[in-house]
Amino acid sequence: MSRLIVVSNRVPIPDKTGTAPAGGLAVALQSALEARGGLWLGWSGQSCAEDRIGPLQMLRDGNIDYALTDLTERDVEEYYQGFANRVLWPICHYRLDLAEYGRREMAGYFRVNRFFASRLLPLIGENDLFWIHDYHLIPLAAELRRQGVKNRIGFFLHIPWPAPDVFLAMPVHEEILSSLTAYDVLGFQTEHDRENFAACLARQGLGNRLDKAHFALGSRTFTARPYPIGIETNEFVTLAQRAAGTTLHKRMLDSLDGKGLIIGVDRLDYSKGITQRIDAFETFLKRNPDSQRKVALLQITPKSRSEVPEYEAMQRAVAEQAGRVNGALGTVDWVPIRYINRSLRRPALAGLYRMAKLALVTPLRDGMNLVAKEFVAAQNEADPGVLLLSRFAGAAHELKDAVLVNPYDVEGTADAIARSLTMPLEERRDRWKSMMNALRANDVFTWCDTFLGDLSRYEQVE
Ligand code: GDG
């Protein structure tokens, strides 16, 4: 079997407490690589002055070799905080209004991708298989090809691919789109994303579509398919079952004192629809005064990308909003929203999912959304909670038996909360079983094997 080289912006090396960073990419890939072994290269998270970039830091943990590179302060500002997180992220999440274009940032993005290619080159063996991840590294294959790399290279986009009218509004869309054609296998979360991508190629007159999945451009061919990412389903079930006996679990139950727990878990990000969700919860409470004091929303929201101004502003907005609702509706012995702004350990999270009667997973746009899947896996089969899920999350394409909502429709979401909290046991069980079947049929190992199977078999069509 060929050696696997994974490249992603950040490499999730567990710290001494064993806490992996919050992020679907990290959680999914680590378990996949552990099983196969290979090399994982990415940014160390450290920045330094231009003349201080040292050699790669090499580490080994279990079956995985990690290669970490520092970036310069300018790189981080232009490539990471700049083009990746202030142009590509908002554009792919349909937020044209938040995209901040700057030539300096665009140039920085391509420069850092060239730099990643230069760090990889000395490590490459003839038969190595490359799997590049996510929007930070779109031009990496094109840079490697320019250096003569002929190996098979795959790419997986964890976030949505937007509709052509949105994508083509981005100034460098041509370079971004054509650099994707240097890959052999392109993976998207959903069929919808793949079709948006194909529509962008067609609009730009870039290449020919040979069939549903195959495309040709010049002398090269490539495939583009949906590979919906999964979770470690069985492991998560066990994690949640075990959590039932822990002290945290007991403390939480005591503090609820018979109230129904509603849970929300999201990185603090404008794509996750947190403010609309809190509005919907407030509307639900106002319209259903009988439910007041009978439920509590636990919103767990670890901070992310705080150095990007939109995220910092959002941090303040959500805290103020939760405070306002609590101030207006809370009583001396009831707090409607418990808002936590930091990361919990994974077993604790699994236990809280299991305790909850309802999860609110209401992103305005999301590639997949692993929280939705984890919540389902954590449920108690005998008395499962309800998943309320945005239609605009990739997960909605698989979890069709969730209660699907339009997160922009605050009143509709409020009504769906009311319906979910009174859903009969039999219906909850039926919905849960069907969603659980989907999670068992496509877990993170299947996702990884399917992608890598397609990549290792891929032959250029003559
Ligand atoms: C991107 C795409 C796609 C969250 N809070 C805590 C914590 N988490 C974990 C969750 C989950 C992960 O982080 C979040 O994954 P999501 O999929 O929900 O979202 P993104 O981070 O935006 O991920 C997304 C994903 O990539 C994978 O392709 O699904 O659409 O945007 O696993 O459990 N984990 C711990 N404590 C927390 O407080 N331990």
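The values are calculated or read from the model by the stated rules, or taken from the named source; none is laboratory data. Here the structure is a predicted model, which means the values were calculated and not measured. Using ideal geometry, Cβ is built from the backbone for each residue, glycine included, and neighbour counts are taken over all protein chains shown.
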Inset, instruction - Provide a single number: the residues in the stretch 315-353 that are assigned to a helix (DSSP H, G or I) and within 14 Å of the ligand (Cβ to nearest atom). - result: 8
Inset, instruction - Hand me the list of strands (runs of 3 or more DSSP E) wholly inside the stretch 161-234 holding 1 or more residues that are out of contact with any strand residue (DSSP E or B) (no Cβ under 6 Å at 6 or more places or on another chain) and in contact (Cβ under 8 Å) with a residue 12 or more places away in the chain. - result: 214-217, 220-226
Legend entry - Residue in the stretch 241-257 that is small (Gly, Ala, Ser), touching a residue at least 40 places away in the same chain (Cβ under 8 Å) and touching a strand residue (DSSP E or B) at 6+ places or on another chain (Cβ under 6 Å) present: no
Inset, instruction - Look at Thr190 and say whether it is under 23 Å from the mean Cα position of the chain (by Cα), within 22 Å of Leu129 (Cα to Cα) and at pLDDT 95 or above. - result: no
Inset, instruction - Identify the residue in the stretch 204-239 that is modelled with pLDDT of 95 or more and touching a Lys or Arg at 6+ places or on another chain (Cβ under 6 Å) and, among all such residues, is surrounded by the most Cβ atoms within 10 Å (Cβ to Cβ). - result: Ala224
Legend entry - Scan of the stretch 248-265 for residues that are surrounded by fewer than 24 Cβ atoms within 10 Å (Cβ to Cβ) and of a type outside the set (A, V, I, L, M, F, W, C), ordered by number: His249, Lys250, Arg251, Asp254, Ser255, Asp257, Gly258, Lys259, Gly260
Inset, instruction - Filter the stretch 5-47 down to residues that are at pLDDT below 90 and of a type outside the set (Asp, Glu), then give me how many there are. - result: 27
Inset, instruction - Any chance you could count how many residues in the stretch 251-287 are part of a helix (DSSP H, G or I), of a type outside the set (D, E, K, R) and within 16 Å of the ligand (Cβ to nearest atom)? - result: 4
Inset, instruction - Hand me the list of helices (runs of 4 or more DSSP H) wholly inside the stretch 363-462 holding 1 or more residues that are among the polar types (S, T, N, Q) and either out of contact with any Cys (no Cβ under 7 Å at 6 or more places or on another chain) or surrounded by fewer than 24 Cβ atoms within 10 Å (Cβ to Cβ) (or both). - result: 410-421, 425-441, 444-457
Legend entry - Of residues in the stretch 354-407 being of a type in the set (S, T, N, Q) and either touching a Leu at 6+ places or on another chain (Cβ under 8 Å) or within 11 Å of the ligand (Cβ to nearest atom) (or both), the one farthest from Ile274 (Cα to Cα): Asn369
Inset, instruction - Tell me, yes or no, whether the stretch 243-250 has at least one residue that is away from the ligand (no atom under 16 Å from the Cβ) and assigned to a helix (DSSP H, G or I). - result: yes
Inset, instruction - Within the stretch 380-411, count every residue that is polar (S, T, N, Q) and within 20 Å of Met355 (Cβ to Cβ). - result: 1
Inset, instruction - All but one of (1) surrounded by fewer than 21 Cβ atoms within 10 Å (Cβ to Cβ); (2) within 16 Å of the ligand (Cβ to nearest atom); (3) hydrophobic (A, V, I, L, M, F, W, C) hold for Met106, so report the exception by its number. - result: (2)
Inset, instruction - Would you mind stating whether Glu143 is surrounded by fewer than 21 Cβ atoms within 10 Å (Cβ to Cβ), within 17 Å of Phe110 (Cβ to Cβ), of a type in the set (Asp, Glu) and more than 16 Å from the ligand (Cβ to nearest atom)? - result: no
Inset, instruction - Evaluate the following for Gly125: is it surrounded by fewer than 18 Cβ atoms within 10 Å (Cβ to Cβ) and in contact (Cβ under 8 Å) with a residue 40 or more places away in the chain? - result: yes
